[in-house]
Number of protein chains: 2
Amino acid sequence: MAVFLSTYVNKVDRKGRVSVPAEFRKVLAGQSYQGVVVHKSLHYSALEGCSAEHMEQLSDSLETSDLSNEDYELIETTIFGGSIQLPFDGEGRIVLPQHFCEFAGITEEAAFVGRRKTFQIWEPGALAAHESGMRDKARSRDISLSKIIAKASAMRGAAS
Amino acid sequence: MAVFLSTYVNKVDRKGRVSVPAEFRKVLAGQSYQGVVVHKSLHYSALEGCSAEHMEQLSDSLETSDLSNEDYELIETTIFGGSIQLPFDGEGRIVLPQHFCEFAGITEEAAFVGRRKTFQIWEPGALAAHESGMRDKARSRDISLSKIIAKASAMRGAAS
DNA sequence: TGGACTATCATGGGATTTCATGGGCCGTCA
DNA sequence: TGACGGCCCATGAAATCCCATGATAGTCCA
């Protein structure tokens, strides 16, 4: 199953190189472009990454969507304009451009967070803060996964 | 359909390996991914486990559900970012990452608790405490399985 | 019914491979 | 010529695989 899962923390060496987790590279294996596409997150002090293929899908989706012209412009500029293709070196590492690192506050270590079709790259401390906040929120709202599944299954059942 | 049932306590060896109970492995048998997906429980000091397939269901459910963007984000970060795929070794064992063990307080032994479609992994002592608490609660609320079954049967009878 | 034989399973240890990480070399382009 | 990026190699640690062992439960036969 080819989705990005789990969180890995890797070191940034003095050349600015970071190993992309092997598990993530396996997800990307077999694709034409051996590397990742990265852009700044719209919501967080973090970077968003995905496969080049996923980026193309997103592009196609945009064209068929009913976004307003303004939103369309916005996404084109911020996401596509701000994206960069980062090829793997022989060992599966990428080099994050400096202004990306600064944006996310990444210096010594980078945390790769799987989010199914995409992943994020965080400064580990910032991620920890973000995560604990998220957990608290989830707890306080009493989110139950099994209920979500049950509900969705019921909807699928009703639809079919 | 096979479901996770009953509780098994297995040892964690010095490499951090634990045998997944054979009965649980039988439930997973025949699936494409030979292993389990584990994440931290939102509510307890325990780990939640399920099949990769179940995780995909959850993933699909998320997309078709009417969650707010925020809730969606929340789940992606806490569950998918916090999940890990643990493949079985040749003997049906998995290796729990240290981070997860600490979260659940697991050191020497791990208790696998079947919960139908999913299961939990507890430190045995914590589980005992948790269970007795639950038992008291159930007693105080006068929950009776036979009544629940009888009631459901009556409803089915009335409907048909 | 009881006892022996067998299959399954949890557990342990050693060997091997993978992976992250670091450093060095050699081009290219300014 | 000097800085930088790209490429290759070295290394230690960690994960993975493979085989051995003991215990338990289950089965079969007398």
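Shape descriptor for region A:14-60: Rg over Rh equals 1.00 (Cα atoms; Rh from the Kirkwood inverse mean 1/r).
In the assembly of identical copies, B:Ser45 has its label point, taken 7 Å from Cα in the direction of the beta carbon, separated from the corresponding points by 3.1 nm (ascending, one decimal). For region A:25-84, the orientation-averaged shadow of the C-alpha convex hull comes to 4.7 nm² (one quarter of the hull surface). Each other copy places its own label point for A:Gln31 at 2.5 nm from this one, sorted shortest first, where the point lies 7 Å along the Cα-to-beta carbon line.
If you fit an axis through the alpha-carbon atoms of helix B:124-140 and take the longest principal axis of the Cα set of chain B, what angle between them do you get, 0 to 90°, nearest 10? Helix B:124-140 and the main axis of chain B meet at about 10 degrees. Note on chain A: with a GNM built from Cα contacts shorter than 10 Å, the maximum mean-square fluctuation among A:His43, A:His130, A:His54 falls on A:His43.
Taking Cα atoms only, the orientation of helix B:52-64 departs from the longest principal axis of chain B by about 60 degrees.
Taking N as the residue count of region B:113-160, its C-alpha radius of gyration divided by 2.2 N^0.38 Å amounts to 1.62. Among the chymotrypsin sites (Phe, Trp or Tyr not before Pro) in region A:1-109, those located in a DSSP loop and surrounded by at most 15 other Cβ atoms within 10 Å of their own Cβ are A:Tyr33. Relative contact order, whole percent, for chain A stands at 33, derived from Cα pairs under 8 Å and 6 or more residues apart. Averaging the sequence gap over all C-alpha pairs within less than 8 Å and six or more residues apart, then dividing by the number of residues, gives region A:1-48 a relative contact order of 23 percent. In chain A, helices alone account for a calculated mean residue ellipticity at 222 nm of -12500 deg cm²/dmol, with every DSSP H run of four or more residues adding -39,500 (n - 2.57). With N the number of residues in region A:75-160, Rg(Cα) / (2.2 N^0.38 Å) evaluates to 1.54. Counts of other chain beta carbons within 10 angstrom of each beta carbon in peptide A:129-142 average 4. Compared with the dominant principal axis of the Cα atoms in chain A, helix A:145-159 is inclined by about 60°.
Placing a label point 7 Å from the Cα of A:Phe80 along the Cα-to-Cβ direction, the distances to the matching points in the other copies come to 2.3 nm, shortest first. Debye-formula intensities of region A:1-139, expressed as log10 I(q)/I(0) at q = 0.17, 0.21 Å⁻¹, are -0.97, -1.35 (one equal scatterer per alpha-carbon, no solvent). Give me the one-decimal Kirkwood hydrodynamic radius in Å for the protein assembly as shown, with the sum taken over alpha-carbon pairs. Answer for the protein assembly as shown: a Kirkwood hydrodynamic radius of 21.9 Å.
Bear in mind these aren't lab numbers, they're just calculated from the coordinates by the rules spelled out. Because the structure is a prediction, the values reported are computed rather than measured. Positions of Cβ are generated from backbone atoms using ideal geometry, with glycine treated the same way; all protein chains shown enter the neighbour counts.
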